[in-house]
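*Asks:* Input: one structure, supplied below.
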Amino acid sequence: MSGQAAAVIEVRDVSLGYGDRVIQRNLTFDVRRGEVFGILGGSGSGKSSLLKAMIGLFRPLSGRILFEGEDIVTAQGEDRLRLLRRFGVMYQSGALFGSMTLLENARLPLDEFSDLSAAEKDLVALAKLNQVGLLAAARRMPAELSGGMQKRAGIARAMALDPGILFLDEPSAGLDPSSSAGLDETIRELSRHLGITFVLVTHELQSIYAIADRCIMLDGAAGTTIAEGRPADLRDHSDNPTVRQFFLRQAAPAPGTGNAAR
Ligand SMILES: Nc1ncnc2c1ncn2[C@@H]1O[C@H](COP(=O)(O)OP(=O)(O)OP(=O)(O)O)[C@@H](O)[C@H]1O
Ligand SMILES: [Mg+2]
């Protein structure tokens, strides 16, 4: 995709924290329309907090976050709801409901936010499952499926309301390398064919190379971003030792993911 696309999200001088504790400060970056944007960083550096701030569910200590020019931090009432409905989200802990079929899971946002008929909701949810390659599994229960299939169903659910932008927090955590690669391929295809913008948090170096157009890296100790750019450029040209170490660790196990080295 073109590196020159317009910014869809503008993060400006944002600080994040809990109580008296500041986790990140001076975060300033753009997410461009249609790109896959990666948020990297060690465990506890504030990746999930940043993602929640970007979807308007966690208030920054200071700074502005604009979505298509509208401030999502200060938006209220109907304006805020209208903005939030433009986002699809898969949380780090976001599991499927085990007592529901994939179809029922994928239909949930429609049950909550749309006034379509039951048959129409099923059609939309089936279309989303089809887009992630799970049409044949629509009537199956989550426990009958592989971890990778469950993650893809989570993405289908996040797409139910046709969001222009999808936020995924550690989508490949806990998956084996081949399922993780399959999930990357799904994300890449959705990006290419549907033009969806992705913001994804990940620890997985292979995923970053495979799918991220650009990324930022948060550093917990520095309390701010220590790199921004195309993954290969960061790998080859960053002067920052933490950045270099991250990109050179190749097959080392990622902290907090429990994934085995290859
Ligand atoms: N609700 C909360 N209240 C207080 N502190 C919190 C809360 N949520 C997160 N934190 C702290 O903020 C810091 C950043 O947390 P966050 O979950 O954003 O990190 P992360 O980069 O997503 O980590 P991981 O890679 O382990 O998911 C951590 O030190 C965490 O303990
Ligand atoms: Mg996290």
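The values are calculated or read from the model by the stated rules, or taken from the named source; none is laboratory data. Just so it is clear, the structure is predicted and the values come from calculations on it, not from any experiment. Don't worry about glycine lacking a Cβ; one is built from the backbone with ideal geometry, like all the others, and counts go over all protein chains shown.
*Asks:* Just give me the residues in the range 165-196 being under 14 Å from M90 (Cα atoms) and modelled with pLDDT of 90 or more, in sequence order. Can you show your working first?
*Replies:* We begin by selecting, within the range 165-196, every residue under 14 Å from M90 (Cα atoms); these are 165-173, 183, 187.
Scanning the range 165-196 gives I165, L166, F167, L168, D169, E170, P171, L183, I187.
*Asks:* In addition: If you go through the range 10-32, how many residues are among the β-branched types (V, I, T) and either within 16 Å of ligand 1 (Cβ to nearest atom) or not assigned by TED's automatic domain parsing to the domain that holds G69 (or both)?
*Replies:* Our first condition is that a residue be among the β-branched types (V, I, T); within the range 10-32, this holds for 11, 14, 22-23, 28, 31.
The next check asks that each one be either within 16 Å of ligand 1 (Cβ to nearest atom) or not assigned by TED's automatic domain parsing to the domain that holds G69 (or both); those that pass are 11, 14, 22-23.
Of the residues in the range 10-32, 4 are among the β-branched types (V, I, T) and either within 16 Å of ligand 1 (Cβ to nearest atom) or not assigned by TED's automatic domain parsing to the domain that holds G69 (or both).
*Asks:* Under 22 Å from I196 (Cβ atoms) and modelled with pLDDT under 95: is that true of G56 in this structure? Walk me through it before giving the result.
*Replies:* Values: under 22 Å from I196 (Cβ atoms): yes; modelled with pLDDT under 95: yes.
Considered against the rule, which asks whether it is under 22 Å from I196 (Cβ atoms) and modelled with pLDDT under 95, G56 comes out as yes.
*Asks:* For the list (1) touching a strand residue (DSSP E or B) at 6+ places or on another chain (Cβ under 9 Å); (2) surrounded by fewer than 20 Cβ atoms within 10 Å (Cβ to Cβ), I need the number of the one condition that P109 fails.
*Replies:* (2)
*Asks:* Looking only at the range 185-200, decide whether some residue is within 16 Å of ligand 1 (Cβ to nearest atom), touching a residue at least 40 places away in the same chain (Cβ under 8 Å) and under 29 Å from P241 (Cβ atoms). Don't jump to the end; show me each part of the working.
*Replies:* If we filter the range 185-200 for residues that are within 16 Å of ligand 1 (Cβ to nearest atom), which is where we start, we get 199-200.
Next, only the ones that are touching a residue at least 40 places away in the same chain (Cβ under 8 Å) stay: 199-200.
Applying the additional criterion that residues be under 29 Å from P241 (Cβ atoms) yields 199-200.
Yes; the residues of the range 185-200 include at least one that is within 16 Å of ligand 1 (Cβ to nearest atom), touching a residue at least 40 places away in the same chain (Cβ under 8 Å) and under 29 Å from P241 (Cβ atoms).
*Asks:* Identify all residues within the range 33-47 that are within 6 Å of ligand 1 (Cβ to nearest atom) and surrounded by 18 or more Cβ atoms within 10 Å (Cβ to Cβ); write none if there are none. Write out each step before concluding.
*Replies:* Filtering the range 33-47 for residues within 6 Å of ligand 1 (Cβ to nearest atom) gives 41, 43-47.
G41, S45, G46, K47 - these are the residues of the range 33-47 that are within 6 Å of ligand 1 (Cβ to nearest atom) and surrounded by 18 or more Cβ atoms within 10 Å (Cβ to Cβ).
Yes/no matrix, rows are residues, columns are (1) of a type in the set (D, E, K, R); (2) away from ligand 2 (no atom under 16 Å from the Cβ); (3) modelled with pLDDT of 95 or more:
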| position | (1), (2), (3) |
| --- | --- |
| R82 | yes, yes, no |
| R85 | yes, yes, no |
| L96 | no, yes, no |
| P109 | no, yes, no |
| D115 | yes, yes, no |
| A119 | no, yes, yes |
| L129 | no, yes, yes |
| A136 | no, yes, yes |
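*Asks:* If you check S62 against the conditions, is it out of contact with any helix residue (DSSP H, G or I) (no Cβ under 9 Å at 6 or more places or on another chain), in the same structural domain as Q131 (by TED's automatic domain parsing) and modelled with pLDDT of 95 or more?
*Replies:* On the way: out of contact with any helix residue (DSSP H, G or I) (no Cβ under 9 Å at 6 or more places or on another chain): yes; in the same structural domain as Q131 (by TED's automatic domain parsing): no; modelled with pLDDT of 95 or more: yes.
Taking the combined requirement at face value, the residue does not satisfy it.
*Asks:* Provide a single number: the residues in the range 55-95 that are surrounded by 17 or more Cβ atoms within 10 Å (Cβ to Cβ) and within 12 Å of ligand 1 (Cβ to nearest atom).
*Replies:* 1
*Asks:* Restricting attention to the range 137-158, does a residue exist that is hydroxyl-bearing (S, T, Y) and exposed (fewer than 15 other Cβ atoms within 10 Å of the Cβ)? Walk me through it before giving the result.
*Replies:* Step one: list which residues in the range 137-158 are hydroxyl-bearing (S, T, Y), which gives 146.
Narrowing the set further to residues that are exposed (fewer than 15 other Cβ atoms within 10 Å of the Cβ) leaves 146.
Yes, the range 137-158 contains at least one residue that is hydroxyl-bearing (S, T, Y) and exposed (fewer than 15 other Cβ atoms within 10 Å of the Cβ).
*Asks:* Is there a residue being within 16 Å of ligand 2 (Cβ to nearest atom), outside the structural domain of E120 (by TED's automatic domain parsing), among the polar types (S, T, N, Q) and in contact (Cβ under 8 Å) with a residue 60 or more places away in the chain anywhere in the range 38-45? Lay out the reasoning, then the answer.
*Replies:* Looking only at the range 38-45, we keep the residues that are within 16 Å of ligand 2 (Cβ to nearest atom), and these are 38-45.
Subset that is outside the structural domain of E120 (by TED's automatic domain parsing): 38-45.
Add one more test, that the residue is among the polar types (S, T, N, Q), and what stays is 43, 45.
With in contact (Cβ under 8 Å) with a residue 60 or more places away in the chain added as a condition, the list becomes 43, 45.
So far as the range 38-45 goes, yes, one or more of its residues are within 16 Å of ligand 2 (Cβ to nearest atom), outside the structural domain of E120 (by TED's automatic domain parsing), among the polar types (S, T, N, Q) and in contact (Cβ under 8 Å) with a residue 60 or more places away in the chain.
*Asks:* Still on this structure, I have one more. Quick check, is S146 at pLDDT below 95 and touching an Asp or Glu at 6+ places or on another chain (Cβ under 8 Å)?
*Replies:* Working: at pLDDT below 95: yes; touching an Asp or Glu at 6+ places or on another chain (Cβ under 8 Å): no.
Judged against the criteria, S146 is not a match.
*Asks:* Could you pull out every one of the helices (runs of 4 or more DSSP H) wholly within the range 167-248 that has 1 or more residues that are polar (S, T, N, Q)?
*Replies:* Working: elements: 177-194, 205-211, 231-237, 241-248.
So the answer is 177-194, 205-211, 241-248.
*Asks:* Here is a check on your reading of the model: is L129 away from ligand 1 (no atom under 16 Å from the Cβ) and within 13 Å of the chain's Cα centre (by Cα)? Lay out the reasoning, then the answer.
*Replies:* Numbers: away from ligand 1 (no atom under 16 Å from the Cβ): yes; within 13 Å of the chain's Cα centre (by Cα): no.
Answer is no for this residue.
*Asks:* How many residues, within the range 14-57, are more than 22 Å from H203 (Cα to Cα), in a loop (DSSP other than H, G, I, E, B) and not charged (D, E, K, R)?
*Replies:* 3
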